[in-house]
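J.: Sharing a structure here in structure tokens format.
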Amino acid sequence: MSKEIPSVRTYALVFVALLLLASLTTGVAYIDLGPFNTVVALAIAFIKMCLVGLFFMELLYSRGLTRIVVLAGFFWLALMVSFTLADVFSRPWIKTPGP
Amino acid sequence: MSESAATNPLAPPSAHRTSPALHHQFEELAQQYDASTFGMWVFLATEILFFGGLFTAYIMYRSMYYSGFAAGSHGLEGDFGAAMTFILLASSFTMAMSVHAAREGKRVTLIILLLVTIFLGLVFLAIKFTEYSHKWHEHMVPGLNFHPSLKALRGGPGTAVELFMCFYFFMTGLHALHMIIGIGLLSVMTILTWRGKIKRDNYDKIEVSGLYWHFVDIIWIYLFPLLYLIGGRYK
């Protein structure tokens, strides 16, 4: 955990990286990668989110308590998504006499 | 009490115990700063779940009606989506620079950077509503103005495309609403800074506004590939 205050140089470098990643997302969409188009697009989005969160939102410099709140938010999101999908996609497993 | 706060390099100097910016319930400015940012992050955690409901439903229906979602996605204008992504990333950069200027107590720089951020947000909204008007003229607004037999849909099943457009309008609409709130928030901050109410001691107001703005940017970072780039654009 860094104790330095983020500098203008850091912000500028992160911004350039974000622009490059955004260009990459747009560029990759024009290449046929099959199902990996979505995987690559989401991976790039995740990296962009981490850059914004760690540097622009200063999570790299913030306290442990703040980070716990962020992780809790994503943990509950993971619960919501996984339980919902587990319900929907396991429905065909049991054959019920339908109408 | 102030042990953890004192280690925060971003907080205002702890020595200012008599600052007029210090509210009476806090011992020192660093503690006040920590409470502000912590509160904002708790709110943002609820916002993750607020948008998360839509994202969950999106994942579910996209896996059920993939061809319709891909056809609907190809009916959107990818160049608009990319342009909005770049503009929003630029606004996040100027927002981060605003917080930096506020932390160093540079009033004029802060006002200029806030105005640039607001301007970029307005450009984003302008493109968004241009896009909405295109969708209206292309008869792709579900419920109000939708023709399932359009060439733009490229053979995707009409009802599934309509479902995709519902997600498109709800997700981008909710995002645009957050943008409008963010622009209002930054306008208030600009006025407060203009009047000299924002100082080095209470720059946490700018800090939490920035957190909100960056959060809205992160939502768009996901909306862009999920709405505009389904199945690629190579066809």
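J.: Could we say that B:Leu186 is closer than 20 Å to A:Phe46 by Cβ and either touching a Ser or Thr at 6+ places or on another chain (Cβ under 8 Å) or surrounded by 22 or more Cβ atoms within 10 Å (Cβ to Cβ) (or both) here?
T.: No.
J.: Please work out which residue is surrounded by the most Cβ atoms within 10 Å (Cβ to Cβ), limiting yourself to segment A:23-52 and to residues that are facing chain B (nearest Cβ under 7 Å) and closer than 23 Å to B:His100 by Cα.
T.: So the residue we want is A:Lys48.
J.: Moving to a separate point now. Among A:Ile5, A:Ile31, A:Ile44, A:Ile68, which is the only one that is within 30 Å of B:Ile87 (Cα to Cα) and in a helix (DSSP H, G or I)?
T.: Going through A:Ile5, A:Ile31, A:Ile44, A:Ile68 in turn, just one is within 30 Å of B:Ile87 (Cα to Cα) and in a helix (DSSP H, G or I): A:Ile44.
Here is a yes/no grid of residues against (1) among the β-branched types (Val, Ile, Thr); (2) modelled with pLDDT under 95; (3) over 20 Å from B:Thr37 (Cβ atoms):
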residue: A:Val52; (1), (2), (3): yes, no, no
residue: A:Leu59; (1), (2), (3): no, yes, no
residue: A:Gly64; (1), (2), (3): no, yes, no
residue: A:Leu77; (1), (2), (3): no, no, yes
residue: A:Val81; (1), (2), (3): yes, no, yes
residue: A:Asp87; (1), (2), (3): no, yes, yes
residue: A:Pro92; (1), (2), (3): no, yes, yes
residue: A:Pro97; (1), (2), (3): no, yes, yes
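J.: Show the residue pairs meeting these rules: Cβ distance below 7 Å; 6+ apart or different chains; first residue within segment B:222-235 and among the hydroxyl-bearing types (Ser, Thr, Tyr); second residue assigned to a helix (DSSP H, G or I) and surrounded by fewer than 19 Cβ atoms within 10 Å (Cβ to Cβ).
T.: Short answer, once both residue conditions are applied: B:Tyr228/B:Gly78.
J.: Continuing with the same structure: Of everything in segment B:66-89, what is buried (at least 19 other Cβ atoms within 10 Å of the Cβ), of a type in the set (Gly, Ala, Ser) and touching a helix residue (DSSP H, G or I) at 6+ places or on another chain (Cβ under 7 Å)? Give them in sequence order.
T.: The answer is B:Gly68, B:Ala71, B:Gly72, B:Ser73, B:Gly75, B:Gly81, B:Ala82.
J.: Which is under 22 Å from A:Ala29 (Cα atoms) and away from chain A (no Cβ under 13 Å), of B:Ala90, B:Ala126, B:Ala82, B:Ala71?
T.: The unique qualifying residue is B:Ala71.
J.: Is segment B:28-51 home to any residue that is surrounded by 20 or more Cβ atoms within 10 Å (Cβ to Cβ), within 30 Å of A:Gly34 (Cβ to Cβ) and facing chain A (nearest Cβ under 10 Å)?
T.: Yes - at least one qualifying residue is present in segment B:28-51.
J.: Counting only residues that are under 23 Å from B:Gln32 (Cα atoms), facing chain B (nearest Cβ under 7 Å) and among the hydrophobic types (A, V, I, L, M, F, W, C), how many does segment A:63-84 have?
T.: Selection size over segment A:63-84: 4.
J.: Could you list, in sequence order, the residues of segment A:3-22 that are at pLDDT 95 or above and more than 7 Å from every other protein chain (Cβ to nearest Cβ)?
T.: If the condition is that a residue be at pLDDT 95 or above and more than 7 Å from every other protein chain (Cβ to nearest Cβ), then A:Ala12, A:Leu13, A:Val14, A:Val16, A:Ala17, A:Leu20, A:Leu21 are the ones that fit.
The values are calculated or read from the model by the stated rules, or taken from the named source; none is laboratory data. Everything numeric in this text was worked out from a predicted model, so none of it was measured. Ideal geometry is used to build each Cβ from the backbone, glycine not excepted, and the neighbour counts take in all protein chains shown.
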